[in-house]
Amino acid sequence: MSVIGVSNHYGTQGTTRRSELKKGKTVKKKLFVASLAACLVLPACESMHHEENEEHAEKVRLNDLPADVQRTVQEHAGGAKITKITHERESGQELYEVTIKKDGAKQEFKVGPDGKYLGMESQEEERKEKEHEKK
């Protein structure tokens with residue numbers, strides 16, 4: 001009969017016990033590293049997924065817009081050529097982005113799904129959009 005920590009007549013029990021302890025520490029280290037990696041990677045993946053959803057824009061035609069939105073687009077285009085209309089989600093808000101060509105210059109403005117005019121797109125927003133498209 002042997003007691004823990006005392007070798008049997010083959011001298012293997014102490015070795016087996018040490019290897020089991022060492023194996024347990026190795027498994028704990030691997031679990032810790034995997035957990036740490038998950039904590040670092042998952043927020044980055046969520047951020048990328050969030051950006052993809054934010055940046056998704058669907059091109060639409062003027063005739064397909066709700067009546068209130070059509071009215072607002074036509075009023076603010078003021079006879080300028082409408083070159084593009086996209087339906088998108090920006091900062092969690094659904095909106096329509098309208099691109100017009102007025103006096104040879106491209107201008108963009110935004111309209112809410114209820115037809116409310118949300119304003120012209122700022123030059124800073126436009127710059128960020130162009131940088132993102134290059135990536």
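Table: residues versus (1) modelled with pLDDT of 70 or more; (2) not aliphatic (A, V, I, L, M).
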site: L21; (1), (2): no, no
site: K28; (1), (2): yes, yes
site: V33; (1), (2): no, no
site: A37; (1), (2): no, no
site: V69; (1), (2): yes, no
site: K81; (1), (2): yes, yes
site: K102; (1), (2): yes, yes
site: K106; (1), (2): yes, yes
site: M120; (1), (2): yes, no
> In segment 56-82, how many residues are within 16 Å of T99 (Cβ to Cβ), part of a loop (DSSP other than H, G, I, E, B) and out of contact with any Ser or Thr (no Cβ under 8 Å at 6 or more places or on another chain)?
Replying inline: 5
> What number of residues within segment 85-120 satisfy the criterion of being part of a loop (DSSP other than H, G, I, E, B) and among the charged types (D, E, K, R)?
Replying inline: 3
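The values are calculated or read from the model by the stated rules, or taken from the named source; none is laboratory data. All values derive from a computational prediction rather than experimental measurement. For neighbour counting, all protein chains shown are included, and Cβ atoms are generated from backbone atoms with ideal geometry for every residue, glycine included.
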